[in-house]
Amino acid sequence: MTGLLPLLLILKTEYNLSTMTLDEAQQQVDHWIKTYGVRYFSELTNMTILTEEVGEVARIMARTYGDQSFKKSDLDKNLGDEMADVLWVLICLANQTGINLTEAFEKNMAKKTERDKERHKENPKLG
């Protein structure tokens with residue numbers, strides 16, 4: 001991990017990672033893809049990669065919080081890093097399909113708030 005620290009500091013400086021908005025994340029992923037990645041993978045390929053990355057998050061969750069034990073090959077896995085992989089591919093898909101994640105998230109929060117503003121408070125399973 002120590003070899004990654006200088007690179008992380010450069011990226012934090014170059015991309016202002018500590019206070020990034022969703023819009024900035026979308027722009028930065030697009031810039032990275034065009035600078036280092038040559039081009040986006042196809043939408044179908046990225047959907048498959050997203051599924052794979054979510055599976056890696058699920059594997060860590062099952063072993064950390066569930067009943068499964070870790071295998072030797074799982075010990076070096078990092079939940080935050082795997083979640084960031086999910087976010088990365090999700091941002092790629094948003095960029096490819098013209099979705100503004102800030103707008104989509106704000107609309108989704110409003111929808112959930114309107115739909116569920118009393119539902120969870122009244123749920124005896126949560127009380």
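In the chain, if the dipole is taken from +1 on Lys/Arg beta carbons and -1 on Asp/Glu beta carbons about the Cα centre, which of T97, G37, F70 is farthest to the positive end? The Cα lying farthest towards the positive end belongs to F70. Which FRET efficiency value, to the nearest 0.05, do you get for M47 and E118 by plugging their Cβ-Cβ distance into 1/(1 + (r/R0)^6) with R0 = 41 Å? Between M47 and E118 the formula returns 0.70.
Here the dipole of segment 60-127 is about 280 debye; that uses its Cα centre as origin and unit charges on the Cβ of Lys and Arg (positive) and Asp and Glu (negative). Here r is the Cβ-Cβ distance between H31 and K107 and R0 is 25 Å; the resulting FRET efficiency, rounded to 0.05, is 0.45. In percent, rounded to a whole number, the relative contact order of the chain is 29, using alpha-carbon pairs under 8 Å and six or more apart. Note on the chain: with a GNM built from Cα contacts shorter than 10 Å, the maximum mean-square fluctuation among D74, D30, D85 falls on D74. Mind running the shape call on the chain? Use the C-alpha gyration tensor, a ≥ b ≥ c as the square roots of the eigenvalues: rounded below 1.5 for a/c, prolate if a/b tops b/c, oblate otherwise. Note, shape of the chain comes out oblate. All other residues whose Cβ lies under 12 angstrom from that of T113 are scored, Lys and Arg at +1 and Asp and Glu at -1, for a net of +2. The loop-placed GluC sites (Glu not before Pro) in segment 18-82, going by DSSP, include none that has at most 11 neighbouring Cβ atoms within 10 Å of its Cβ. Each of the trypsin sites (Lys or Arg not before Pro) that DSSP puts in a loop and that has at most 14 other Cβ atoms within 10 Å breaks the chain; the longest unbroken stretch is 72-116. In the chain, helices alone account for a calculated mean residue ellipticity at 222 nm of -21000 deg cm²/dmol, with every DSSP H run of four or more residues adding -39,500 (n - 2.57). Testing the spin-label approximation: label points 7 Å from Cα along Cα→Cβ at L75 and V57. State their distance in nm. Placing both labels 7 Å along Cα→Cβ, they lie 2.7 nm apart. For segment 21-116, the Cβ-based charge dipole about the Cα centre amounts to some 180 debye (Lys, Arg positive; Asp, Glu negative; other atoms uncharged).
Readers should treat all values here as calculations from the given coordinates under stated rules, not as data from a laboratory. Here the structure is a predicted model, which means the values were calculated and not measured. Virtual Cβ from ideal backbone geometry, glycine too; neighbours counted across all protein chains shown.
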